[in-house]
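Below: the structure, in structure tokens.
What follows is calculated from the coordinates using simple rules that are stated; it is not laboratory data. Bear in mind that the values here come from a model prediction, so they are computed numbers and not experimental data. For neighbour counting, all protein chains shown are included, and Cβ atoms are generated from backbone atoms with ideal geometry for every residue, glycine included.
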Amino acid sequence: MEPKPAPKHKAKPGTNEQRMFSRPSLTRMDGEGNERKFILSFSSEEPYERWWGIEILDHAEGAVDLTRINDIGCVLFNHNRDYVIGKINRAWIENNRGYAEIEFDTDEQSEVIYQKVRSGTLKGVSVGYRIDSLEEVQAGKTSADGRFTGPAEIARKWWPFEISIVSVPADGTVGVGREAETTGASVPLEVLESQLQINKNLYGGTQA
């Protein structure tokens, strides 16, 4: 008797994800009083390969909810909710990309990361986000709005909750989403109340 093929897992709305921006842009702001401020890009519509397939974050009008990140968003180091290094002064969508103005704190641990970003040692930017609505597009088919070609899963409604400066890019083919589905773990209710409940904290997850 031949073994049954493993079930095909898919991304699920209501789970948290992390994504490394493949071409991050960290630009220091000019002018007096802006020494610790940077403009960065944290998301785009670039197809992103995860273990279950291709994911695309829609950046069309109304797709991205920036309320939480603008109200209480923080800048973390390596998605560690206990390693807050700055604040997000504002976030916005422009030319199908997510941008933010961040400002580094002045405490000792934040200063270390600030100096490494300033010197160019640290260049990686990653975003933690939650997907509320997905559109699945089959291979060779076109999305409902005609903008994307499958195979892909398009996040039609999603919201970022933190931005991280990262030292090592995460591996999109292995991670918490996969672990949660194979172990039956569930997202705790607290995630709805705090933008800092990131993947590794929710599930005791795997970091690449």
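Side notes on the structure shown:
- Extension gain, Glu108 back to Glu35 (0.36 nm per residue minus Cα-Cα distance, nm): 24.6 nm
- A crude spin-label estimate for the pair Ser167 and Glu46, with each label 7 Å from Cα along the Cβ direction, gives 2.3 nm.
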